[in-house]
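This report refers to the structure that appears directly beneath it.
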Amino acid sequence: MAAKTKEQLEQELEEALKRIGTLEADNAKFGADNEALTIKVAELEKALAASGKEKPPVPDNADEKEIRRRMAGGISRKQAEQAHAAQKDHDQKLKDQAKSK
């Protein structure tokens, strides 16, 4: 193995210090971005509270959660409800077939 010269080691050290400096700068930028987003969220929450409106309720049943999941895919509520009902019917038919065997 070739032994590294003092110059090579110094050059590697300089490159490592440059990378560390770049990472520290990136970290500071991301920290500032995170702080700005946190402030924005707090402002939006205050505005929501001041408007008198409440956050939309979290669905408490599995059917509503599934309908909202389907709607997140870009379909209307009516389409999501129909698709969910069809899926439930299909699942029930499969269960009935399994029981009859």
Practice item. For ALA85 and ASP60, compute 0.36 nm times the residue count separating them, minus their Cα-Cα distance, and round to one decimal in nm. Key: 7.2 nm
Exercise for review: May I ask you to evaluate 6.51 cos²θ - 1.76 cosθ + 1.60, the Karplus curve with θ = phi - 60°, for each residue of the stretch 25-37 and list the ³J(HN,Hα) values in order in whole Hz, giving x for glycine and proline?
Suggested key: 5, 4, 4, 5, 5, 5, x, 5, 4, 4, 5, 5, 5
Study note, to complete from the structure: Between ALA32 and ARG69, the FRET efficiency computed from the C-beta separation at R0 = 35 Å comes out, to the nearest 0.05, as 0.50
Practice item. Could you give the size of the charge dipole of the chain about its Cα centre, using +1 on the Cβ of each K and R and -1 on the Cβ of each D and E, expressed in debye and rounded to the nearest 20? Key: 860 debye
**Study point:** Computed Rg/Rh of the chain, alpha carbon atoms with Kirkwood Rh
**Key:** 1.41
Practice item. Determine how large the accessible area of GLU35 is when every protein chain is in place; take a 1.4 Å probe and give Å² rounded to the nearest 10. Key: 120 Å²
**Study point:** Euclidean distance of C-alpha centroids, the stretch 4-22 and the stretch 80-101, integer Å
**Key:** 65 Å
**Study point:** Nearest 10 degrees, 0 to 90: helix 77-100 Cα axis against the chain principal axis
**Key:** 70 degrees
Practice item. Enter the angle in degrees (range 0 to 90, nearest 10) between the Cα long axis of helix 62-72 and the first principal axis of the Cα atoms of the chain, meaning the one along which they spread out most. Key: 60 degrees
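The values are calculated or read from the model by the stated rules, or taken from the named source; none is laboratory data. Keep in mind it's a predicted model, so treat the numbers as computed, not measured. Note that each Cβ is placed from the backbone with ideal geometry, even for glycine, and that neighbours are counted across all protein chains shown. Accessible surface areas use protein heavy atoms only, side chains included; no ligands, DNA or RNA. Shrake-Rupley method; radii C 1.70, N 1.55, O 1.52, S 1.80 Å.
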